[in-house]
Amino acid sequence: MARQAGPVLQDPGANWVFVVGREEVLAHLDDARLDRARAVPDRDLEVHQQLFAPKAAHDIAAAFRPTAAALIDRFAAAGGGDAVAAVTTPMAGALFDIVARLRLLPAEHLAGRSGHVFLEACRNLFKHAGWHLFELARHPDLCELLRGQPELIRGFVEEVLRLEPMVQGCQRFTTQPTTVGGVELPPGMVVMLCIAAVQRDGSDAMSTDDLVIGVRAHRHWSLGAGSMRCRGGHIVRQVLRVLVEEWVDRAGHLGLVPGFRPVAGFPNTESSLWLPELPLVTRA
């Protein structure tokens with residue numbers, strides 16, 4: 001219904017617009033005329049170069065693997081439970097501790113705003129990770145496929161990122177008169193680029209609501225684009241791959257509790273959607 005109303009939706013009484021048209025979203029995702037909120041000031045980005053380097057992502061993933069294996073083993077040995085509480089939530093603190101141990105951020109930054117932002121990013125990453133475990137739990141044949149063909153895990157991770165992005169939309173701000181999708185916007189407007197809608201808009205065979213793997217990974221914008229890309233994208237992908245690899249090897253026999261349906265609250269999920277719980281049991 002939103003797409004039928006037009007590529008740009010505006011509340012006359014508010015300073016927000018929602019952009020849902022594919023062409024319009026992609027045209028403005030990396031638009032230099034639009035500003036964005038920065039979690040970390042540009043002046044501090046130099047000290048993050050080591051953390052966000054591809055090599056650091058490999059080192060973090062390698063250090064994370066034993067933790068992931070131990071948490072999953074304990075969960076599987078108990079016959080299941082709430083995977084959010086017992087598996088993904090503890091992983092956030094563990095990932096933060098790994099970065100501290102590897103000294104990928106100076107101690108003074110780790111204890112300051114940079115550390116606070118990174119810890120929140122870890123929490124958001126593992127809130128999102130629940131969707132990966134949900135898909136594996138409800139599709140036992142998928143677990144078998146990924147266990148037998150681990151080269152497909154990378155594509156699976158990308159597909160879940162496409163279907164359930166860590167944020168549903170990217171906020172931008174007008175600092176000058178700007179036209180978006182034929183709509184003239186004054187300075188001071190909040191522009192929500194709805195990437196989640198674009199990635200499921202049915203414009204091609206892979207931009208659907210279905211999980212598609214086994215073919216070339218479909219491009220998505222869940223981690224931004226260009227100068228607006230997520231600098232921690234390497235870490236996100238590497239850590240999620242480790243999680244999935246360990247899960248299919250150690251907990252592929254666990255499935256959803258009968259009758260469970262994922263529910264996200266409203267309106268707290270305006271920008272992000274994640275599972276508050278994921279009850280699993282051994283499949284019959």
Checklist entry - If Lys and Arg each add +1 and Asp and Glu each add -1, what is the summed charge of the other residues whose beta carbon sits under 11 Å from the beta carbon of Gly81? => result -1
Item to check | Estimated [θ] at 222 nm from DSSP helical runs (n ≥ 4, -39500 (n - 2.57)) normalised by residues in the chain, nearest 500 | outcome: -13000 deg cm²/dmol
Checklist outcome for this item: Going from the fewest other Cβ atoms within 10 Å to the most, one would list Thr282, Thr89 as Thr282, Thr89
Checklist entry - Under a point spin-label approximation (7 Å from Cα along Cα-to-Cβ), what is the Asp204-Val257 distance to one decimal in nm? => result 4.1
Checklist entry - Candidates [x] 21.8, 69; [y] 19.8, 61; [z] 18.9, 65; which is the computed Rg and Dmax of the Cα atoms in Å? => result [y]
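Coordinate-derived values only; no laboratory data. None of the values given here were measured: they were computed from a predicted structure. Every residue, glycine as well, gets a Cβ built from its backbone with ideal geometry; the counts of neighbours run over all protein chains shown.
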